[in-house]
Every structure is written in C-alpha cells, then in structure tokens.
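Okay, structure first, notes after.
The values are calculated or read from the model by the stated rules, or taken from the named source; none is laboratory data. All of these numbers come straight from a predicted model, not from anything done at the bench. Don't worry about glycine lacking a Cβ; one is built from the backbone with ideal geometry, like all the others, and counts go over all protein chains shown. Just the protein is used for accessible areas: all its heavy atoms, side chains included, with ligands, DNA and RNA removed. Shrake-Rupley method; radii C 1.70, N 1.55, O 1.52, S 1.80 Å.
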Amino acid sequence: MSTLQAHDFVINSPNFNSTQNNYTQSNTTGIDILYEASTPEALVDAEERSYAPSCYDGTREQYIEDITNWATASNEDNAIPPLYWMKGPAAVGKSAVAQTCAERLKNSSRLAAAFFFSVNGRRNDHTRFFPTLAYQLSTTLPDYRDIVNRKIYIDRTLVRKTMASQFKSLIVEPLQELREQGKDVQRRPIIIDGLDECKSTSAQAGIIEIIASSIQAGSTPFRWAIFSREEPHIVSAFASSTISSLCHSVLLPISREADGEIELYLRGGFENILRRRNLFHISPSWPTAKQIQMLVDAAAGLFAHPAIVLRFIDRHSYAEFDEILVAVLNPMLKRGCQSASAYTELDALYMLILQRVPSNILSSTQLLFSHLVLKGNNHISTWFVTSLCNRLGISERHFRSIYHHVQAVMDFQEYPPPIFDETINLERSFFDQDLSSAFKSSVNTNLRLVHGTIAFRHKSFYDFLRDPARSSFFCVTTPAVRQNYFDHLIQQHHHYASSYEIQGSKLVLRSGEASSSAPLSWPQGSKFGDSWIKTCIFLNISFLFSRDCPLFRPFVEDLPSRSLQKLAELDYRKSLLASIVTNRIGIVPAGYIIGLHTAVVRLNENSGFAQLTDYTEFHPKMFLAMVDKLEKLRVIRPYHPRFGSSRAASVLHAVSRQRLFGKKSGLYKLGHKDKSIVWYWEFDTEKRYFHEFETVNYEEAMALYEAKKFTIWDEDEDEDSSNAEDKDGSNVEEEEEEGEEEDKSSAEEEDNSNKEQDAEHGRCPKRKWI
C-alpha cells in the first residue's frame, strides 16, 4: 500500500527564515551532506531538548563527579578504562546525570560529542548516530573538518553506508590521516544516553561492539560513556570477555539512599514555586516537614515522582496549593507505608493527574495520547502540534485546555511566528504559486512549527499509558481505544479528501471551497499556509492507512473485518496526487519507509517508484500474509491491464504468485472507481530486492519500470530533470517511523552481490540513493 505519503516531520534545528536552506546541489559541500545525514536534535544543547532533565544542584553529585573525573583524567599508566556504562531502571535519573555531565564537559570545552537517543523520530535512528558524532567533531576540529568535507564530497554515499563503514570512513580514517600529519587529537569523552531507545536492538549491540573494537585497535582517542537500561542484549554485549575488560560499569539503582537528595530537590522546588509568585515570605513553612517526608517516602528512590509532583502543583493557583497537595498525599495515607512496587506511587500520581481532566476534553485527551502511543514507540520526542491537532480534529482551545491539565507529564514549546520570503503571496494558495523544491521544503518546516511542539516528559508515563494493569480506564492500547482511533482517522481522511478535486491529472482545491482553512481544526491564518498544511495533513492521515506505516500491521491484525473493509473506501488517487504535488519530481531524499524499512523513492507526474535499500530488513512471508488478508477483505483487488479487476484478473494473478524460484509479484487496484490507483510490487528472494510502484497511469509506469528496472533510482537520473524538479514539487522531509530493525552490517556485501548479478544479466548495477 501507499509508499509515498509524507507523514510526521522531525524537527531539525528550527529555522524560521525560509530562504536559509535554498542551496543547490552544485554548491553543496561534504559538510552540508554530513549535516543532513545527522540528527542535530540529539545534541546536548539542542533547542528541541530544552526540556531535557538535568540534576538539581546538590543532587547526584558523587555520580557526576565520578563520571567527569573519569572523562578528563590523564591515563599515563593506562589504568583508566576507556568505556563507562551507567545502567539502571526507568525513572532513576540516568538521563539527568548524562545531561548534567555532558553540559559540564561542554562548558569546560572537554566534550568531543554527545548523542541523546529517544525512541521516536530521528533520535532513534542508528544510521544517523555516527554521522552526528562526526558532524560535532567537525565543528571543533578544523583539520578533521577539511578531511571529512573532502571525503564526503568525493563520495556522498559514505553517510548512507552501514554503521561499521560510517565509523571507519567518517571517524577512524580522518583521525588516522591527522595522526600521519602529526596532528593527533587529544583524548576527550563522548556521551551516549538512552542507547536502549535506539529502534534496532541489533544496532544497540552493534554500537557497543564497534566502539569496543576501536578501543582495542587504538583507532580513536575517545572515552565513551553510555547510559541505558539493562536490556538483555545490552547486558550480553557488555558481558563479553573482549568488552568487559575495557569497561567500568556503575548501577544507578532504585535506592532509598537517594532520600536526602530527593528531599533537597523537593524543598528547593517548593521554594522556587513560591518565590516565582513572590509568596515565599507568606508561606515559608509550606509544605510542612511531615508532608515533605511523605513525598520523599512516596518517591521511593525515583526522582521522576517529585519532579511530577512539583510540576502538577505549580500549574495551579496559590489558593489551590493546599488542596492539590492534600489530593496527592491522601492516596498515600490510604495505602499505608508499603507499596506493591517502586512505581506504585508514580502510577497513582499519573492516575490523579488524568482523573482531574474535565469530562468535556477527556475524549480529546485520550485521542491525543492514543495517537502519540499507538503510532509508534515514542515518548519524549518532539511532535508538531500543527500536525497532531489538525490530524485529530483538536482545536486550539481544546489543545490549550488539555495541556493546562496534563503539563505535569507533557511539555509544550511555542516558537516565534515564521518569517516567509517576500516572493510568497500569503493570500494565495500554494497550488497557485511557482515555488522551488528546496524553497517548499524550508517553508514546510516553518509551517509545521507554527503552533509549537509537544513531548512526553518521561518514558515512565508512556509506559503507564500502554499498560492496562497500570493505567486502567486511561490505557490507550486496548482494542476499544484502537478501534475508536481507527474510526476517527477514517472519518478525518474522508473529511480532508472532500476538500480537493482532480482536474485532469492535477489535484486542486475544490472549487467553491468556503475557506482555504477548511477542514483544519487549528489553521495557521494565511491562505498560503493553510493550503499547504491541509495537503500535508491529508498525506499524514493517508500514510497511517498505508501498509508502509508501522501502525498499519496492528490495525490489520487486531481490528475486525468490518472495520478494515472501510479502507477500500479511501481516496487513494487523491492521496497519491497530493504526495506528488508536495514532493519533488525525481528522487525524494530523506529516507522514505516501506513497512518499517528505509527506501529510496522516485516520483514523476503520475507515479511513485520505491526500492528497499536493505533487503535484509524485508520479510516476504509477513508481507505476503498481509497482502492476502487485504485481498480477502477486498481492500485490494487483483488487476490486469486487459481484464481490469475481474475474475479473470484474479485467476491470472494467482498464477503469477505461484512462480518458481524466488521471484514474486502482485498487481492490484486500491480503492474504487475514480478513487482508485494501481499498485505493483515485485521481490526476488534470490536476487534480493523489493520494488513497488503506485500510479494513476499503469501503462506509462510499467513501461518505465520495465525499461529501467534497476536504474530508475540512480542519482544521475535526476540530473536530466533537475530543472523540472524545482518547478514541479518540493522536497518534503519525513519522520522515520518507529519499529524494530535488523542490523545493516551485511548491506555492503549484498550490494556487491546485486551488482554482480546485474552484470551477469547485462544490466547497469543498482546504486542505492539514501
């Protein structure tokens, strides 16, 4: 199903001047390419992480001192292990320690680089990990920067290779070249937080192994500090004999030994609440010592609990302080001294917060949480409010009311209004303006930021919402909630599709549309901005119903047939044309997704062609099972150019699926009548590739595919159409969907194998563009 819809967009260093990124390929440097392949939002001081936890003054001082001393100490007798692992359960404060250590090291100009993983967006993408470290090194090491700039300019695929190849090409080899020039880089630390939140478990272990191998080989001068939960595969990696001897491990436990620090944190927090209101002189003894001790006992060693208590009370007025504090403490008195687990009091606090959400916004609140949790493994990553609210039909008034009641567990950031270039006419639809692809890409980012961003403050709340045993009525993973979410999105898709019409082969706003903002629930305010946002939201919703979205498989597996059959009524033609009009004609960069996997996509005026870049991630049996179920539900129907979607087409299609050897293909109609498109897919388990295309002109698309089956995605194909590209579409950057990936360590060998097979058949070798 649809490969081409753009969906949520990840923030990448907010840039409010839409003219700043309009460089062309001819003057793009190697460092520019490295930056685009990196994740700036994962840095220690990234604006997107302005809400990141750090340690309160006077807390965790021994841990912070131990780590910073380890990171900066001399090592004349090689007594200091070059690898440091801080491990511990959720909510004990590992990320706060990592953040504080990284900040102190950076402020003293001793930090080499840092990467703070998060399970959503690009911060969970292991393919961007080493490019991000390399980019940070290039900002402080001019000679290193020159070498990396040259290497990538010569071969821009360096940033798209396997992690091991990236590490060698972008970090090891430049440092080796500097050593040969007598320009050794001094030993400095690299901080890696939340390794367990990298989306690929094999990549998590792979990162540890790559780092350990470089230490053993002496190929890098760094000390590496890793912070994570004790997941089995991470424990196993650190326990191996070749790595354990290089590593110093420290457990940050759930421990009542932290009670003194938690009490200090609470007293300081309450004092700050009063001082900001100029009320400290009125209530210097509030809360009482007994109340403070009760909160310390409830925290049970978890710093997350007092942090949420302080934020929850802080959102209320002074007149409500006593009432809210009593509401927090009363359940503790009823439960007595003993709790079932260290997280019992934390869960009770989450329940209290949600129980106080007014009934008139409760359904919208649950819908918002459903989307954030069900759509993927996300918790503290940044989500665009413009996308969320307009996709779910939540108005500004409702959103601000929701946030007011849940700000203890959610973070909302607002940004200055976007500044657009004078060439944009804000009173005209974007459909009516001739904008370059690079220009549209920049405009898109600015418009996505227009209403701000929102994020979970802590993963423990995300875990709470997922677990019915913990969150009860507020759980968002139950069948009933998933059904409600699905039905709501179906309704929203029809709502948005109805605001467009097709003239010839072009998608345009429906004539007589009362306002460019309809059906937006939270418009931007200009005709240009609203028309662009509306089209992107339509694509966002369409993507959620495509087989390429990680959420789609749970829909197919869990929802009843009568619900899934609603998919056949969607307007796939408008979705495809919307993707074409908002994306560039030619190669679409930034990593599209097939299933949970990265693909390279080429668009023309009527079609979109996609190719998996790493076949090891493709699971043929799972894919075919999903296709078979969709066919039985009549969501997709076998298609034949001569017989259409008739019974004869079904018979011919069944024959094609029984081919010998490893090649299989399918040709289907998606949608009904004038809402339909043709979907073709093909894979070969022996030659190890997966291709697909969607089109409104099957004959044209198949002719192009058969003529350029293995070269259609080559970069040089774009050179001939570079002029048309600026005219016909924009480069819309996607958010990579969550989901477990297999390690890509064998990608290069597979690519070489494919090239050999191509040569045997007289084809040009396949070149991966991503």
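Measuring nothing but protein heavy atoms, the accessible surface of region 210-342 at 1.4 Å probe radius is 53 percent carbon and sulfur. Entry comment: accessible area of region 263-328 is 44 Å² per residue, from protein heavy atoms only and a probe of 1.4 Å. For residue 155 and residue 297, what is the calculated FRET efficiency with R₀ set at 51 Å and r taken between the beta-carbons, to the nearest 0.05? Rounded to the nearest 0.05, the efficiency is 0.30. Rounded, prolate or oblate for region 345-496? Axes are the square roots of the Cα gyration tensor eigenvalues, ordered a ≥ b ≥ c, and the cut-off for rounded is a/c under 1.5. Prolate shape, in that a/c is at least 1.5 and a/b is the bigger ratio.
In this structure the amide hydrogen of residue 640, modeled in the peptide plane, comes within under 5 Å of the amide hydrogens of 645, 646, none closer than 5 places in sequence on its chain. Once you sort the root eigenvalues of the Cα gyration tensor of region 54-169 as a ≥ b ≥ c, which label holds: rounded (a/c under 1.5), prolate (a/b larger than b/c) or oblate (the other case)? It comes out prolate by the Cα gyration axes. Panel values: region 238-306, Kirkwood radius from alpha carbon pairs, Stokes-Einstein at 20 °C and 1.002 mPa s, translational diffusion coefficient 149 µm²/s.
Straight-line reach from residue 675: taking Cα to Cα under 23 Å and skipping same-chain neighbours fewer than 8 places apart, the lysines in range are 506, 534, 566, 574, 629, 632.
Just want the answer: with Cβ charges of +1 for Lys and Arg and -1 for Asp and Glu, which residue in 154, 141, 293 is farthest toward the dipole's positive end in region 139-297? Of 154, 141, 293, it is 154.
At 1.4 Å probe size, with the rest of the protein present, what percent of the exposed accessible area of region 380-435 is carbon and sulfur atoms? Mind dumping the intermediate values first?
Details: 1120 of 2380 Å².
Roughly 47 percent, rounded to a whole number.
Long-range amide H contacts for residue 85: which residues qualify at under 5 Å (H placed 1.01 Å from N, peptide plane, sequence gap of 5 or more or a different chain)? The list, which skips near neighbours in sequence, is 226, 248, 249, 250.
For region 455-566, the Kirkwood estimate of the hydrodynamic radius, built from every pair of different alpha carbons, is 16.4 Å. Normalised per residue, the accessible area of region 35-75 is 42 Å², obtained with a 1.4 Å probe and no contribution from ligands, DNA or RNA. The packing ranking, built from the mean of other Cβ atoms within 10 Å per residue, places the peptides 274-284, 242-252, 604-614 in the order 604-614, 242-252, 274-284, highest first. Across the options 172, 192, 203, the greatest Cα extent toward the positive end of the charge dipole of region 168-209 (unit charges at beta carbon of Lys, Arg, Asp, Glu) belongs to 172.
Looking at region 118-251, the accessible area is 37 square angstrom per residue; that uses a 1.4 Å probe and ignores ligands, DNA and RNA.
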